[in-house]
Amino acid sequence: MSNQSWQARREAAVVNGVGTLMPVFIDKAHNAELWDVEGNRYIDFASGIAVLNTGHNHPKVVAAVREQLEKFSHTCFQVTPYPGYIELAEKLNALVPGPSPKRTLFLSTGAEAVENAIKIARAHTGRSGTIAFKGGFHGRTMMGMALTGKVVPYKTGFGPFPGEVYHLPFPSDYLGMSEADALGALDLCFSADIEPGRVAAIIIEPVQGEGGFYVASPSFLQALRKICDQHGILLICDEIQSGFCRTGKTFATEYSGIEPDIMTLAKSLAGGFPLSAVVGKAAVMNAAKPGGLGGTYAGSPIACAAALAVLDVIEEEQLNQRALAQGEQLKGRLHQLAERFDCIGDIRGPGAMVAMELVKGRDASQPDPELTKRLVAEAGKRGLVLLSCGVRANVIRFLAPLTAAPALIDEGLDALEQALAAALA
């Protein structure tokens, strides 16, 4: 069947609320390449939205899943537990930053991880308020939407949302928002909206994902850590998109040298299988009573097996170093393109978490979301899968598998250059 015929069936069977970037239907995938049902090949610069840092169908992940599947697929950890859950929790407890003893909870999605992080923070502090950041993305559940700092399309028509959630500006020099301004907004929040003694947690992405790959500097995260310590507030670092070597560190938080109270993890944790985690200080994580946390499919034995294989691949194939090399390759070529095209206003991001912001005439105050949309479409025509993002809908984010060969990245960048020229024509 053709892509067109599958698209017709999709429109007849699937709700409109599930958006689709490209109307092509994938038949098979390997590492950083996709092939659709018509045999067309695509270079994958999206990785299923940062899920495939180890690439599509990594042999070690496939082997681990096959071995587990032959044993059992599900028992529910809350009924009869299994070793894989424990082994993976032990590894993550040792891997996340900071010297404090850690504990881990497994779930299925990033949104679930965020929901449970807030539950744990409330249980530990006895407080109800939460502070998040404009441009942040934390999921599509009710609390996830409340925390998310972008209205369209995530929050439109779905309110009202849970209360006592307050949003601060995220610091970005490119957008004219300094760290001092953002910290001043926090002081104003404490005096005008909610006293610090009622705030359970501040949640932040060390590198904003959907918000546009703006980076929280080490000094800003250190300032938040100090403020949280001063007021007994928990600091939650949402590493769902930035984790597992994407930024050149196993976790982006490591660049700041701080220890979060709680971290939320998902996406590339399990190499394409649904798995998320909440990892944090034992004294915090143990606040919830037995039965208060969990889920029927939470910590799937198949996904845990995949994640254990992913952690092996990270170490054996030195994915942090590969992320740094890929990032240098991407940014070097993008800076060359910026000399040719004045629509490229900014290039940023640590490691291989790279973004290109599109504006009119290099003017940061004039975002160009229409060009961004055309570029994504033109790239697709040339066999390149690209993702856009940003509160202003004018950012291209690059999320190729870290296992992609440099020659393939160059091929994808060639297609990008051709697509950008076509989009501007």
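The values are calculated or read from the model by the stated rules, or taken from the named source; none is laboratory data. Predicted, not measured: the structure shown is a model, and the values here were computed from it. Cβ placement follows ideal geometry from the backbone for every residue including glycine, while neighbour counts extend to all protein chains displayed. Side chains are part of the model used for accessible areas, which takes the heavy atoms of the whole protein and leaves out ligands, DNA and RNA. Shrake-Rupley method; radii C 1.70, N 1.55, O 1.52, S 1.80 Å.
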Efficiency by 1/(1 + (r/R0)^6): what FRET value for SER191 and SER217, r their Cβ-Cβ distance, R0 = 30 Å, to the nearest 0.05? 0.75
Taking all pairs of distinct Cα atoms, average 1/r, flip it, and tell me the Kirkwood hydrodynamic radius of region 88-223 in Å to one decimal place. 16.0
Beta carbons within 10 angstrom, averaged per residue: use that to sort the peptides 168-179, 386-397, highest first. 386-397, 168-179
Ranked packing of 39-47, 93-101, most packed first, by mean Cβ within 10 Å: 39-47, 93-101
Would you work out the Kirkwood radius for region 273-319? I mean one over the mean of 1/r across all pairs of different Cα atoms, in Å. 12.8
Looking only at region 356-388, which residues have a backbone nitrogen under 14 Å from a spot 7 Å from the Cα of ASP27 in the C-beta direction? none
For region 288-425 the mean separation of alpha carbon contacts under 8 Å (6+ apart) over residue count, i.e. relative contact order in percent, is 19
Computed [θ] at 222 nm, helices only, for the chain once each DSSP H run of length n ≥ 4 contributes -39500 (n - 2.57): -12000 deg cm²/dmol
Hey, rough spin-label estimate for VAL18 and ASP173, points 7 angstrom out along Cα→Cβ, what's it come to in nanometres? 4.3
How large is ³J(HN,Hα), in whole Hz, for each residue of region 242-254 in order, when computed from phi with the Karplus curve 6.51 cos²θ - 1.76 cosθ + 1.60 and θ = phi - 60°, using x for Gly and Pro? 8, x, 6, 5, 4, 9, x, 10, 4, 9, 4, 4, 4
Hydrodynamic radius by Kirkwood for the chain, inverse mean 1/r across distinct Cα pairs, in Å, is 22.1
For the chain, size of Cβ-based charge dipole, Lys and Arg +1, Asp and Glu -1, in debye: 780
Keeping every protein chain present and rolling a 1.4 Å probe, give me the accessible area per residue for region 217-261 in Å². 29
Which whole-number percentage describes the relative contact order of region 130-229, with Cα contacts under 8 Å and a sequence gap of 6 or more? 31
Compactness index (Cα Rg / 2.2 N^0.38 Å), region 204-329: 1.13
At a 1.4 Å probe, what is the % contribution of carbon and sulfur to the accessible area of the chain? 54
Relative packing of 371-381, 281-291, which averages over residues the other C-beta atoms within 10 Å, highest first: 371-381, 281-291
If you find the alpha carbon centre of region 115-176 and of region 319-343, how far apart are they in angstrom? 32
